[in-house]
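For reference, the structure is listed below as structure tokens.
The values are calculated or read from the model by the stated rules, or taken from the named source; none is laboratory data. Everything numeric in this text was worked out from a predicted model, so none of it was measured. Neighbour counts are summed over all protein chains in view; Cβ atoms, including those assigned to glycine, are modelled from backbone coordinates with ideal geometry.
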Amino acid sequence: MLAIGLLFAAAVAGGSPADAKGETHAADWAARPAARDVRHYPPLAVALRLNGWALLSCPVDASGAAGGCETLSEAPAGLGFGLAAKSASASFRFKPATTAGAPTLSVVRVPIRFAIAPAPPPATADPPSADASSTAVAVAMLSANGWSESLRQGQEEWLLALAQRAPNADPGVVAEARQRLKASFDADRAPMTSEVAAGYARLMAKPDLVAALNYYRTPAGTAFQAHRRDIARLLAAASLDHIRVSLLQARAQICASSQPCGIGPLPSAWTSELPSPPAVDAERLAIAREILLVDQAMSDLSRIEQRTVDQLGGLALGGNASLAAFKAAFLEAAERHRQAVVDDSAARYASLFTAEQLRAILEFKRGPTWRSLQLHREDLEQLGRRTAEAHNDQARAIAGQAFCKAHDCAANPPSGDVSELLITLDAGPEQNADRKDR
């Protein structure tokens, strides 16, 4: 979250203290802008982890309100610090300049400094060292199972979206920033992968790592990795459709016995039916059902159903309908429909693979290596997230340093007519990086 502070260490700089008769006073701050009023840090600067500044020229009327502020200068140029400073000016309030005690119009130069707080040190101690040969196997496994490629794709997608997050930044500066960030990401990807692989080596036995590597290199393992995102999407879509059908059936049941039932139609987003699954042969369908059973993929349905019930707690029903009765009807409908969603998901899953591939996938998922992966899944996922966040943050800072070698990244703005306004951004991965220039 953005935090804001005002520095009042110096008296008004550049203004006339008073003339010989004490009749003229320059404008000065009247109140500090509240944190909620300054909600923008340039997204491109966030991406590069850069500080910056802007100097505004703000007309101040007799009431002390600032309007029509313009950017006099900013650095680094092209990142959007001037525009961010102007967006903050709506919350500026001044004591107006006075002449002979009467408020007068004036123009005030306002220096604004932007600063990203340093990233906190890691909360945990350095992990124990991992066996080098096991780590090497894990590095190869992360390449074979698509983890390394997914990392690269995620970084590429983030870079492609950078211009959308900063539409008012200079296009040339955006292109340069993306180029420097890409170079930094590319250079750091192998060290990041090695660090994650060391975590795998600490958590899993080397024979399991070797077995996983060998599986991911088979045609079945390669096909499974190629369709991993497709599988995640189809299971999510099937779960959503399961909730949709169960809600519709519950509504029909309640409205048939309670008139008026007080339950309006579902929103249009909930009325679209999932297209029918493709036709598959019985053998593939049976194997896919077994895979879903081993994966416990459908066990998530119970949790999704319960979350839906919890969200129904805030539902205000009119007429004669009872919320408790509606919840009960929903759970009954979900129970009736559960086998249908399993069959539907299995058909969609089976359509992605040959029977031979499905048999190989099932054999692997029934074995000890898959059980080891599942046993440590949460720890491995957390390891991957934490490592990626730390490395990406470091890579972005390195890209920012390279950017500043070619640009003016002076830390402080020139002096103005009032004391400096400091806008700070708490350190953290992707902190406010999706905010758009206003």
> Name the pairs: first residue in segment 58-78 and closer than 19 Å to Asn412 by Cα, second residue of a type in the set (Asp, Glu) and surrounded by 15 or more Cβ atoms within 10 Å (Cβ to Cβ), Cβ to Cβ under 8 Å, at least 6 apart or on different chains?
Replying inline: Ala77/Asp170; Gly78/Asp170
> Would segment 185-195 turn up any residue that is more than 26 Å from Leu373 (Cβ to Cβ), under 25 Å from the mean Cα position of the chain (by Cα) and in contact (Cβ under 8 Å) with a residue 40 or more places away in the chain?
Replying inline: yes
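Answer yes or no as to whether Pro103 is of a type outside the set (Gly, Ala, Ser) and at pLDDT 90 or above. Give the steps one after another, and end with the answer.
On the way: of a type outside the set (Gly, Ala, Ser): yes; at pLDDT 90 or above: yes.
Considered against the rule, which asks whether it is of a type outside the set (Gly, Ala, Ser) and at pLDDT 90 or above, Pro103 comes out as yes.
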>> One residue is enough: does segment 113-129 have a residue meeting the conditions within 23 Å of Gln394 (Cβ to Cβ), at pLDDT 90 or above and among the small types (Gly, Ala, Ser)?
In response: no
> What are the residues in segment 382-432 that are modelled with pLDDT under 90 and charged (D, E, K, R), if any?
Replying inline: Asp408, Glu420, Asp426, Glu430
